[in-house]
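The values are calculated or read from the model by the stated rules, or taken from the named source; none is laboratory data. Given the structure is predicted, the values throughout are model-derived calculations rather than measurements. Here the Cβ positions follow ideal geometry from the backbone for every residue, glycine too, while neighbour counts run over all protein chains shown. Side chains included, ligands, DNA and RNA excluded: accessible areas come from the protein's heavy atoms. Shrake-Rupley method; radii C 1.70, N 1.55, O 1.52, S 1.80 Å.
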Amino acid sequence: MENKQFSSPASFVDSTVVPGDVVLDLSSMTSQTIKLGGGLRQDCDAISAMKAGTLRFSKPNKYWIESSQKRYVPCVEDTILGIVVDSKADNFLIDIKGPAMGFLPVLAFEGGTRRNIPKFEVGTLLYLRVVKANFGMNPELSCTDASGKAAEFGPLKDGYMFETSTGLSRKLLSSPTCPVLEALGKKLSFEIAVGLNGRVWVNAASPDTIVVVANAIMNSESLSGAQQIIMVDHLLKNIQ
Amino acid sequence: MATTSTPQPDSSSNLSITVESNPSDSRLSELGIQSWPKWGCPPGKYMLKFEAEETCYLVKGKVKVYPKGSSEYVEFGAGKQKAASDQEGSSKQGQSLGSIHCKIKKMEEADEMVTPGEVLGKATDLKAGKGAYAASHNNTIYASLTGFRRIQAPPPASNDKRPTVEVTGHKAHGPVPEPGSVVIARVTKVMARTASADIMCVGPKSVREKFTGIIRQQDVRATEIDKVDMHLSFRPGDIVRAVVLSLGDARAYYLSTAKNELGVVSAESSAGATMVPISWTEMQCPLTGQIELRKVAKVVN
């Protein structure tokens with residue numbers, strides 16, 4: 001069985017690749033700048049896959065491999081849910097389900113100065129943004145957006161947090177709205193925060209609602225759009 | 001021809017002094033006189049204690065040896081060998097008439113290995129050098145390091161004619177970074193405001209034990225020190241040339257790369273090839289052409 005290597009790179013885009021597959025041949029694409037995201041590696045003129053997943057392409061020149069797993073690899077400008085593990089003099093240590101602890105500087109809040117440092121207990125759930133994520137270093141996080149405003153970042157009070165895979169988190173955040181969230185939103189009123197690191201937080205007026213929403217989301221991972229709507233109807237019928 | 005005299009011993013000790021007069025050259029080379037340590041002393045009375053058999057070759061002078069408690073003595077002059085054997089250890093008084101030079105000459109390389117606490121000799125016979133110390137309570141020299149025992153002849157100009165015993169070969173005698181010395185280090189960890197590195201060489205010599213250094217954000221370069229991004233200056237595995245600023249804290253030396261000739265000397269790209277420096281801040285991988293940012297040292301040959 002010989003390796004199929006078409007000269008046009010479009011053939012591998014949106015299809016499943018495994019580590020070792022040569023997905024792009026640079027000798028056929030001269031005078032182009034392409035950006036390689038996670039999971040791709042350059043060996044002279046051949047771009048090969050390092051992860052098993054789907055090759056994705058976004059205009060004008062970004063290629064990356066998308067896969068769904070439990071472990072999160074920090075990436076700049078991701079919004080995630082982190083749990084405070086420890087607080088040091090300069091920063092809080094945050095668990096983000098990744099290979100290393102994240103550092104949240106003590107001043108990375110809107111209007112943050114040395115005099116009004118927030119006191120987070122160990123175990124506090126925070127909605128955060130990744131500022132710096134370099135290989136080998138601890139990722140740096142922040143509770144403000146790029147312009148310094150709070151913008152919904154910070155501690156999440158009450159509610160219930162559960163863990164999912166990274167793929168499901170991305171589906172929940174995709175636009176147009178994910179079918180399961182749309183179906184739930186038509187009947188129930190709740191608040192939700194999705195972290196790209198595989199954590200989801202739900203809050204609602206009554207615990208019943210929270211449980212239904214959480215179960216619906218956890219069930220929807222392997223279902224198609226139509227199946228998700230049917231599943232949601234089923235769950236809602238049981239509680240009403 | 002040998003003359004022997006055995007003075008009456010004390011009731012408790014069993015000692016004998018054997019004198020060999022004018023030993024022939026072949027006898028001298030048989031004993032290996034040339035490799036014996038040498039010491040001497042001005043005229044006077046000395047207390048000598050022998051715990052085991054000792055052979056002395058008198059190069060110059062005259063000695064009268066009185067075993068303890070006895071009024072009899074053995075006298076011999078230059079060119080004579082004195083072998084004193086003593087089974088229980090007692091002290092003898094020796095009176096030297098005229099200055100003595102005994103040949104004990106510097107020992108060869110095949111020395112014995114000693115460990116801390118081992119007895120190297122007596123303070124009366126030897127001086128404590130590097131790696132050895134003299135305990136005042138019993139006038140003995142002990143080793144304080146692990147290594148080989150070496151004896152240095154005393155400098156001819158000094159009054160103290162005792163040879164110096166020292167312990168060499170220990171890693172504490174390897175080069176040690178000093179403030180101001182240029183070191184080569186390998187970066188081990190890069191953090192938000194510091195990078196830590198293992199010091200491998202001090203100047204041209206490699207170190208024998210592990211020293212850790214820290215490069216702080218303000219010491220990476222000389223200009224715009226508050227806008228330094230550590231990740232764009234160093235990566236784990238880079239070889240850097242730095243200068244030692246100070247002894248730093250208990251954990252690490254403080255290093256600085258804030259000069260043109262200091263910084264990353266050799267780095268590996270993410271593809272695995274050794275990168276080529278192309279500017280003060282950039283290095284390029286020869287396999288993939290990717291450019292990575294580093295604080296590059298300008299190597300002037």
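Figures for the structure shown
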quantity: Mean accessible surface per residue for the stretch B:113-168, computed with a 1.4 Å probe while every protein chain stays in place, in Å²; calculated: 51 Å²
quantity: The stretch B:113-168: C-alpha pair distances exceeding 20 Å, %; calculated: 17 percent
quantity: Histogram of C-alpha separations across the stretch A:76-153, 5 Å bin width, %; calculated: 3, 17, 30, 28, 17, 5, 0
quantity: For residue A:217, net neighbour charge (Lys/Arg +1, Asp/Glu -1) across residues whose Cβ lies under 14 Å away; calculated: -1
quantity: Peptide B:189-195, shielding by other chains (average Cβ, 10 Å cutoff); calculated: 3
quantity: Cα extents of the stretch B:182-293 along the three principal axes, largest first (Å); calculated: 41, 33, 23
quantity: Two-site FRET efficiency, residue A:62 against residue B:209, from Cβ-Cβ distance with R₀ of 45 Å, rounded to 0.05; calculated: 0.40
quantity: Nonlocal amide H pairs with residue B:147, under 5 Å, H built at 1.01 Å; calculated: B:114
quantity: Number of partner chain Cβ atoms within 10 Å, mean per residue of B:240-246; calculated: 0
quantity: Net charge of neighbours whose Cβ lies under 12 Å from the Cβ of residue B:174, counting Lys and Arg as +1 and Asp and Glu as -1; calculated: +3
quantity: Derived scalar couplings ³J(HN,Hα) [the stretch A:174-183; Karplus, 6.51 cos²θ - 1.76 cosθ + 1.60; whole Hz; x for Gly, Pro]; calculated: 6, 10, x, 4, 4, x, 5, 5, 5, 5
quantity: Modelled label reach - residue A:219, point 7 Å along Cα→Cβ, the stretch A:177-202 residues with backbone N closer than 16 Å; calculated: A:179-188
quantity: Gain on full stretching of the segment that runs from residue A:121 to residue A:160 - 0.36 nm per residue minus C-alpha separation; calculated: 12.3 nm
quantity: Cα→Cβ-extended label distance, 7 Å offset, between residue A:113 and residue A:208, nm; calculated: 5.0 nm
quantity: Between B and A, accessible area buried - total, square angstrom, nearest 100, 1.4 angstrom probe; calculated: 900 Å²
quantity: Mean-position separation - Cα centroids, the stretch B:153-222 and the stretch A:182-240, in angstrom; calculated: 64 Å
quantity: Peptide-level mean, for B:280-288, of C-beta atoms on other protein chains within 10 Å; calculated: 1
quantity: Distant-in-sequence amide H partners of residue B:152 (H built 1.01 Å from N, under 5 Å); calculated: B:164, B:165, B:166
quantity: Sum of side-chain charges, residue B:244 neighbourhood, beta-carbon under 12 Å (Lys, Arg +1; Asp, Glu -1); calculated: -1
quantity: Cα centroid separation, the stretch B:229-252 to the stretch A:78-136 (Å); calculated: 26 Å
quantity: Residue-normalised accessible area of the stretch B:182-293, expressed per residue, 1.4 Å probe, Å²; calculated: 51 Å²
quantity: Compactness relative to 2.2 N^0.38 Å, alpha carbon Rg of the stretch A:137-240; calculated: 1.16
quantity: Nearest 10 degrees, 0 to 90: helix A:207-219 Cα axis against chain A principal axis; calculated: 10 degrees
quantity: Cα gyration tensor shape of the stretch A:1-133, rounded if a/c is under 1.5, else prolate or oblate by comparing a/b with b/c; calculated: prolate
quantity: Within the accessible area of the stretch A:158-235 (1.4 Å probe), percent carbon and sulfur; calculated: 55 percent
quantity: Dimensionless Rg over Rh [the stretch A:13-64; C-alpha; Kirkwood]; calculated: 0.93
